[in-house]
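S.K.: One structure, pasted below without further comment.
The values are calculated or read from the model by the stated rules, or taken from the named source; none is laboratory data. Model, not experiment: these values are computed from the prediction. Please note: Cβ atoms are built from the backbone with ideal geometry, for glycine as well, and neighbour counts cover all protein chains shown.
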Amino acid sequence: MIRKLRYCRGCVAHIYLRAVSGFVVFYSVKDILVFFTLLNVLSETYGIRICVVSIMLNHFHLLIEAENHNAIAKFMKELSRRFTAEFNGRLGRKGRLFEGPFGLSVKAEDKKVRTAISYLYNNPVENKHCRKAEMAQWNFLAYSVSDHPFSEKLVLRNASGRLKRGVREIRWMRGLKKPLNYAVLDRISEGLDTREIKQLTDFIVNEYSRIDHERAVRFYASRDEMIRATDSNAGNEHDILEERPSDDRPYFRMLKELSMDPRFRSPKDVLRLSEKDRWQIAEEFLRRGMGPKWQILRLLHLKLPTLVRRARHRGNLPR
């Protein structure tokens with residue numbers, strides 16, 4: 001019988017949660033912002049200290065501290081439930097979004113915490129999103145040194161009326177301790193140009209973020225040492241069963257292709273199509289060499305027929 005790990009107060013917990021069947025979940029910046037604002041609001045509700053966050057296409061990692069295991073369990077259950085409701089509501093679909101239960105690795109020693117920090121920060125690097133951890137947007141490392149790492153500095157007196165209204169609404173929602181949903185993000189981004197959307201994105205991250213960057217730094221001599229250690233060591237995690245890193249660049253190529261499809265307002269809208277229509281897109285992507293079949297299927301939330309999956313599991317069919 002496998003012993004289930006439980007969090008102990010005073011330790012650091014590495015939390016990991018993967019989407020069902022490895023399907024893509026975070027198709028766009030809006031998906032990430034809905035999740036990120038919810039994550040931070042709920043972390044305050046349940047007394048969770050967030051040290052590191054890394055959001056990938058089909059899973060996410062957290063390095064956190066809490067009062068006890070029950071606080072973490074309730075926090076993760078609420079986070080999964082509410083984001084799933086937002087995601088499904090956007091598409092008019094039903095069903096689970098994430099696998100359960102969440103993965104947990106407890107770190108009681110500083111050396112193991114440092115290894116986990118490097119591992120989380122380097123997830124985008126290992127999956128070919130960027131060359132260095134500080135260049136990634138959704139591990140939030142760049143936000144530890146700048147409040148606008150991916151946009152021009154936002155000067156409200158020079159901003160457009162639409163951008164100012166968006167900033168006011170974000171501040172109002174944050175003051176009420178409410179996460180942003182898709183309807184709000186649609187409204188405040190309407191009419192903004194690309195430069196303004198980038199500014200608004202950085203503003204949302206900074207307004208909602210409860211990531212305690214200094215807590216992560218305290219496991220090192222300095223922030224510079226933490227970044228140097230991260231760049232020189234990808235870290236590892238043997239306590240959490242995660243797939244090996246993959247090259248995610250085919251996903252980004254396919255997402256770009258979907259974003260140019262006039263049928264879709266967002267790449268995620270492909271999930272509104274029937275299974276038959278998604279299989280047609282899968283066949284087209286495969287014919288054009290857009291990516292390996294397993295990534296195409298995960299992007300489009302498709303599964304091979306049960307008999308084929310079983311045959312492959314037995315080794316009777318090639319992948």
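S.K.: Scan the stretch 17-35 for residues that are farther than 23 Å from ALA282 by Cα and either among the aromatic types (Phe, Trp, Tyr) or at pLDDT below 95 (or both) and jot them down.
M.R.: The one that is farther than 23 Å from ALA282 by Cα and either among the aromatic types (Phe, Trp, Tyr) or at pLDDT below 95 (or both): PHE35.
S.K.: Follow-up. Taking the stated definitions as given, is ARG218 more than 15 Å from LEU120 (Cα to Cα), touching a strand residue (DSSP E or B) at 6+ places or on another chain (Cβ under 8 Å) and of a type outside the set (Ser, Thr, Tyr)?
M.R.: No; evaluated as a whole, the condition is false for this residue.
S.K.: Could you name every one of the helices (runs of 4 or more DSSP H) located completely within the stretch 107-223 that has at least 1 residues being out of contact with any Pro (no Cβ under 6 Å at 6 or more places or on another chain) and within 27 Å of ARG265 (Cα to Cα)?
M.R.: Once the helices (runs of 4 or more DSSP H) in the stretch 107-223 are filtered for at least 1 residues that are out of contact with any Pro (no Cβ under 6 Å at 6 or more places or on another chain) and within 27 Å of ARG265 (Cα to Cα), what remains is 110-126, 161-175, 182-189, 194-208.
S.K.: Quick check on the stretch 21-35. Is at least one of its residues assigned to a strand (DSSP E or B), hydrophobic (A, V, I, L, M, F, W, C) and either within 14 Å of the chain's Cα centre (by Cα) or closer than 26 Å to THR230 by Cα (or both)?
M.R.: For the stretch 21-35, residues assigned to a strand (DSSP E or B), hydrophobic (A, V, I, L, M, F, W, C) and either within 14 Å of the chain's Cα centre (by Cα) or closer than 26 Å to THR230 by Cα (or both): absent.
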